[in-house]
Structures are given as C-alpha cells and as structure tokens.
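> Next up is a structure, given as structure tokens.
The values are calculated or read from the model by the stated rules, or taken from the named source; none is laboratory data. Keep in mind it's a predicted model, so treat the numbers as computed, not measured. As a convention, Cβ positions derive from the backbone with ideal geometry for all residues, glycine included, and neighbour counts pool all protein chains shown.
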Amino acid sequence: MDEHLNRTLLAKIAWLYYYENLSQQEISDLIGIPRIKIVRLLKVIREQNIVEIKIAKDYISLFDTEKELRDLSGLSDLMVVPTGHDPKSSVAYAASLKFANFCETYESIGVGSSRIVAAALEALEPPRKKQVKQIVSLTGNTMPNYAVNPSNPCSSGIMLAKLLGVDYFNIWAPSIAPTKDIAQLVKSDYVMASILKMANSVECAMVGLGDVEDTVLYSRGFITDKEVSALMESGAAGDLLTHFYDIEGKRISTPIEDRSVTADVPMKCPVTAVAYGANKVLPIVGAIRGRFISGLITDEETAAAVLATLRGS
C-alpha cells in the first residue's frame, strides 16, 4: 500500500472515530472497510501515536473538502483520497476497497469500461466474506480491429472471476458498432440480449467517466474527428457508458448513442464513479448534476476543482 495513502487512511479513521464520534460500524459503512479491519487499524492508530489531542493539521483540508463536496453534491457515497505523488494508484486502491465492500453486500455488480476501474480491480484483495455471485460488464469490450479493449475490465475478467470464485459475464461486441443497424442486430442476438438484460439489472455499478476533448472513444477508434467536433459543438461535457451529457447534466442525443452496445443510462442501481484529474472535472460535475451517479471516488485536487465548478467560482 502507498505509504502516504496508508497514513492518510489511518488519520481519516482517527478523525471519524475520535473527532466525529462515529462508531466502528458507522466508519466501516462510510469508507467501505470491514469493521474488523477498522478495529485493527484503531489499534495501529494508538500504537503509532497518531492521536494526541488533535489530528495533524496536514490532513484536515482533505476531510473538509470531502465533507463540503458531500454536502454540495448530494452524493450519498464519497471518498476523497490525497493527491500525493501518484493519484492514480491512490484512487485505484480506494476504489478496490469500495469494490471489496460491494462484494460483501451485493449479489450482482456491474463494471464499466475504464482504465481506472480496471486498475482498481487489479488491486483488489479477496474480501473476507462474499455475497457477490456475478460480475457483469456494462459495455461492449472489443475494439474496431477486433482486439479486446484494454480499458475494459474484461481484460482481467478471468482473473477477477477466479479471485472471487464467481461468473464474469462479458458483452462480446464493440461498445460502439459501425452502424445503427449493426448495433440493433448485435443487441437482438439471444446471448447479447440476455447479458444486456443482466447489465441493466445489476444491484450496483462501478464506472469511469469519459471526457470529450480527449476521449478514449476516439483514441481507440470508435468515433471520428468529425464526431468529436460535433460533440464539442453540442456542449457535451462527458459520457457515461457512451451516453453523453452536458455540464448541467442534461442528456445529449447523438448518433453515437444509436450505435452503442451498453447498459442503459441512467441506471436503476447505485452507481459509483471512479475519476481523477483536471480532464475529469467537467464529466464529474455533469454526472453529479444529472444524478447519473450516487457515489464518487476521486483525489483531493480533483475534488477541490469540482467544488469550485459546482459553486460557479
């Protein structure tokens, strides 16, 4: 575990327990770590003298940022980690903890095509107890050249399934088909229709958020320069499972959506987004305002920028 993240996680637990007066179970529910681990970490906190009279002030801004963003955004589930020297690693680790919590709570979990979600699943440690019975891909996972999309968790799906001892259901199709007719044909296939039905029925989901100016959909060859320009002109700020929306969270109808082979948006279940960096600020803001997500895992710098945008400053 990253040392800075480890120390910050301990400080966060200390803050919640000694300052906010939350119970061990409340802390467990809030940050997605099993209660028995909270007990062990509280012992470490005492042994390392992290708690004296107050928490070290270096960490207070992190908690203030998280609390303010939670209040302003209305998100029911939020985790803000230190930006540090490697925010990707910190955010992915935090997301892996949350995913382990999902595995202990839900029977079916959906995963979106995202580099940071894939990194989180690679960092996943087997949960102590397990409720999950199936993991379902929420998007098609092959690229236009028929290779497996490396941004899709299906790339490590077999290892994930083996780790958890569950079935992993892939959508063996491109996330965006070449034409609307081909997309409809793919989705009408019995197997694809069955998996898409499963994707739309998962009990919770972990997803990434796409940005329009530097979209992976373009770099992977799913959409063209002309389509990117059209998205920019339409005011698109981001996408969730190839469904685009603007900064106010209003859905934008595009021909791309007609070609998509993905789960529906908004989803019917709690959706946790994992995103960090300056290029993810607008996608996060739009997803919050559109109520497309109920949870967010990000780093402190990104959270501060999201706060500033939500305030209009």
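> Kindly indicate which of LEU62, LEU9, LEU78 is modelled with pLDDT of 90 or more and either β-branched (Val, Ile, Thr) or buried (at least 19 other Cβ atoms within 10 Å of the Cβ) (or both). Walk me through how you get there before you give the answer.
On the way: LEU62 fails: modelled with pLDDT of 90 or more; LEU9 fails: modelled with pLDDT of 90 or more.
Sole residue among the options that is modelled with pLDDT of 90 or more and either β-branched (Val, Ile, Thr) or buried (at least 19 other Cβ atoms within 10 Å of the Cβ) (or both): LEU78.
> Which condition from (1) out of contact with any strand residue (DSSP E or B) (no Cβ under 9 Å at 6 or more places or on another chain); (2) part of a helix (DSSP H, G or I); (3) under 16 Å from GLY208 (Cα atoms) is the one that ARG291 breaks?
Result: ARG291 fails condition (2) only.
> Just need a number here: residues in the range 172-217 that are assigned to a helix (DSSP H, G or I) and either among the polar types (S, T, N, Q) or touching a residue at least 40 places away in the same chain (Cβ under 8 Å) (or both). Give the steps one after another, and end with the answer.
First pass over the range 172-217, keeping only residues assigned to a helix (DSSP H, G or I): 180-188, 190-199, 216-217.
Checking which are either among the polar types (S, T, N, Q) or touching a residue at least 40 places away in the same chain (Cβ under 8 Å) (or both) leaves us with 180, 182-184, 186-188, 192, 194-196, 198-199, 216-217.
So the count comes out to 15.
> Output yes when any residue across the range 246-264 is in a loop (DSSP other than H, G, I, E, B) and in contact with a Phe, Trp or Tyr (Cβ under 6 Å, 6 or more places away or on another chain), and no when none is. Please lay out each step first, then the result.
First, pick out the residues of the range 246-264 that are in a loop (DSSP other than H, G, I, E, B): 247-250, 252-254, 259, 261, 263-264.
Still in the list and also in contact with a Phe, Trp or Tyr (Cβ under 6 Å, 6 or more places away or on another chain): 252, 254.
Yes, because at least one residue in the range 246-264 is in a loop (DSSP other than H, G, I, E, B) and in contact with a Phe, Trp or Tyr (Cβ under 6 Å, 6 or more places away or on another chain).
> Any idea how many residues of the range 180-228 are under 30 Å from LYS133 (Cα atoms) and among the basic types (Lys, Arg)?
Looking only at that region, the number is 2.
> On the basis of being free of Cβ contacts under 8 Å to residues at least 60 places away in the same chain, under 16 Å from the mean Cα position of the chain (by Cα) and within 21 Å of ALA177 (Cβ to Cβ), does VAL265 make the cut?
Numbers: free of Cβ contacts under 8 Å to residues at least 60 places away in the same chain: yes; under 16 Å from the mean Cα position of the chain (by Cα): yes; within 21 Å of ALA177 (Cβ to Cβ): yes.
The answer is yes for VAL265.
> Here's a check for you: in the range 104-118, which residue that is in a helix (DSSP H, G or I) and buried (at least 22 other Cβ atoms within 10 Å of the Cβ) is modelled with the lowest pLDDT? Steps first, please.
Here is the first cut: in the range 104-118, the ones in a helix (DSSP H, G or I) are 104-105, 115-118.
Cutting the leftovers down to buried (at least 22 other Cβ atoms within 10 Å of the Cβ) gives us 116-118.
Working: ILE116: 92, VAL117: 92, ALA118: 89.
My answer is ALA118.
> Go through (1) farther than 20 Å from MET267 by Cα; (2) touching a strand residue (DSSP E or B) at 6+ places or on another chain (Cβ under 6 Å); (3) not in a helix (DSSP H, G or I) for LYS130 and report which single condition fails.
Every condition holds for LYS130 apart from (2).
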